[in-house]
Each structure stands twice: as structure tokens, then as C-alpha cells.
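Chemist: Questions regarding the structure given below will be posed in turn.
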Amino acid sequence: KLTLIFGATVYSVTTILTVFFAGLALGAYLIGRRVDRSRNPLYLYVALEFSIGLFGFASPILFSGIERAHSLLYPLLGDSLFQLTALRFTLSFIALLVPTTLLGATLPVLVKLVARNDRGVAENAGRLYAVNSLGAALGTLLAAISLIPLLGVNGSLYLAGFLNVAIAVSAWFLFQSDTRIAGEHL
């Protein structure tokens, strides 16, 4: 969606990818350090997935605001490529930091949910990362080939939001009977 607003120049795409991966790293760092102390990793995972879903539903409105801000600020920059790139970086940062931080936080929490002991962490983390990466690649391919042509960009964002909420609900029902995961207070 941001490439539709900013264009698909090398600077725009690089900016979007930089902010996206920074958010993923920030989420993994912030939550990865705290998940072992969490009394309720299931609640944390469900809250993360549900929040990501809410961002999916709200993102067309967010992107509309980003587009308006870009349209208002663009004429003030003149011909300065540096200022235009800085504006696009800042707007991308605003649009993507929270949802990508939430996305980055899900993997450490999911590893905590499925690893039964310290020895199983590396093996489970590797498998989950592989499945996560495969799912991301397939989702990107599916979005480009099928979803956007069929549903449009906003419809695809709404579908992504729905799928994340469905993941949250599924995880809740799948793991809630495991008291080691769910914690004592569920």
C-alpha cells in the first residue's frame, strides 16, 4: 500500500523494507527478553495476534491519513531528494513500526508456547522460523497473484486482519488446556 502512495523507487522500497525489518527486530528484542518471565505466554500471544488483526482492519484508514500527510507536505519540500526521502521514511516509520513490532514479537512468544524444555527451544525455534518464513513467502505470492486482483489492496488488508484474529482465537482454543502455557489464572 505504501508503494502506491510513495511510488516504487529504490529509495521508497528501501525505506519501507528498512522500517519493516526494524520493527520485526524491535518486537523480537523487546518481547524475546521478557517472554521467559511471562506468567501467561498464551495470553500474550493471543493479544499480539489480535492486535495485529486490528491493525489489518484499521490500516486502510491509517494509510489514507499517511497519504493525506504526504500530499500536504510534498509541495513544501521543493526538489530536495533528501527531504522527500526523509519524509517518506518518517511516514513509513509511523505507519509500520507498531504492527511490525507486534509481528516481530510473535515468534519468541510462539517458541515459548511450543518448547517443552530448554533443549527443545533451538529445534522448535528453527522449525517455527522456517514455517513462518514459508508462510510469509507464500502469503506474499498469494497476495500479489490472487488476493489483490480479486479483493483489491484494502480487501486484502481486511482479509489479513481477519486471518490474524482467527489465528488468535485458534491459538486460544488450541493451547488453553495446557496449564504450563496458559498460566494459572485462565
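No lab work stands behind these numbers, since they all come straight from the coordinates. This one's a predicted model, so the numbers in the text were calculated from it and none came from an experiment. Note that each Cβ is placed from the backbone with ideal geometry, even for glycine, and that neighbours are counted across all protein chains shown.
Chemist: Size of region 48-151 along its principal axes in angstrom, Cα-based, largest extent first?
Modeler: 57, 33, 24
Chemist: What is the angle, in °, between the Cα long axis of helix 148-175 and the longest principal axis of the Cα atoms in the chain? Nearest 10 is fine, range 0 to 90.
Modeler: Here the helix axis deviates by roughly 20 degrees.
Chemist: What nm distance separates the two modelled labels at Leu174 and Ala137, each placed 7 Å from Cα along Cα→Cβ?
Modeler: Taking the simple label geometry, Leu174 and Ala137 are separated by 2.1 nm.
Chemist: What are the semi-axes of the equivalent ellipsoid for region 10-61, taken as the square roots of 5 times the Cα gyration tensor eigenvalues, largest first, in whole Å?
Modeler: Each semi-axis is the square root of five times an eigenvalue, giving 26, 17, 5 Å.
Chemist: Okay, moving on. Give me the percent relative contact order of the chain, please, defined on Cα pairs under 8 angstrom at least 6 residues apart.
Modeler: Once divided by the residue count of the chain, the mean separation gives 41 percent.
Chemist: Here's something else I'd like to know. Using a Förster distance of 25 Å, how high is the FRET efficiency between Val10 and Leu30, based on the Cβ-Cβ distance and rounded to 0.05?
Modeler: Calculated value: 0.25.
Chemist: Just one of (i) 9, 31, 32, 18, 7, 1, 0; (ii) 9, 28, 29, 19, 10, 4, 1, 0; (iii) 10, 38, 37, 13, 1 is P(r) over Cα pairs in 10 Å bins from 0, in percent calculated from these coordinates, so which is it?
Modeler: After the calculation, the listed value that fits is (i).
Chemist: Give me the Debye-computed log₁₀ of I(q)/I(0) at q = 0.13 Å⁻¹ for region 16-99, equal point scatterers on Cα only, no solvent, two decimals.
Modeler: Listed by q, the Debye log ratios stand at -0.55.
Chemist: Residues of region 133-153 with amide nitrogen under 12 Å from the 7 Å Cα-to-Cβ point of Val114?
Modeler: From region 133-153, the list is 133-135.
Chemist: Same structure again: Residue farthest toward the positive end of the dipole of the chain, with Cβ of Lys/Arg at +1 and Asp/Glu at -1: which of Ser59, Ala47, Leu2?
Modeler: Ala47
Chemist: Hey, another quick one. Among the trypsin sites (Lys or Arg not before Pro) within region 4-67, which fall in a DSSP loop and have no more than 11 other Cβ atoms within 10 Å of their own Cβ?
Modeler: Those that pass, being in a loop and sparsely packed, are Arg33, Arg39.
Chemist: From the Cα trace of region 81-142, what convex hull volume per residue do you get, rounded to a whole Å³?
Modeler: For region 81-142, the hull spanned by Cα atoms encloses 117 Å³ per residue.
Chemist: Is there a quick way to get the dipole size of the chain? I mean about its Cα centre, with the Cβ of Lys and Arg at +1 and of Asp and Glu at -1; what is the value in debye to the nearest 20?
Modeler: Computed about the Cα centre, the dipole is about 300 debye.
Chemist: Where the centroid of each part is defined by its Cα atoms, how far is region 101-176 from region 1-54 in Å?
Modeler: For region 101-176 versus region 1-54, the Cα centre distance is 12 Å.
Chemist: Rg to Rh for region 52-113: what is it, with Cα atoms only and Rh by Kirkwood?
Modeler: With Rg and the Kirkwood Rh in hand, the quotient comes to 1.15.
Chemist: Could you tell me the calculated FRET efficiency between Val98 and Glu123, based on Cβ-Cβ distance and R0 = 35 angstrom, to the nearest 0.05?
Modeler: E between Val98 and Glu123, to the nearest 0.05, is 0.65.
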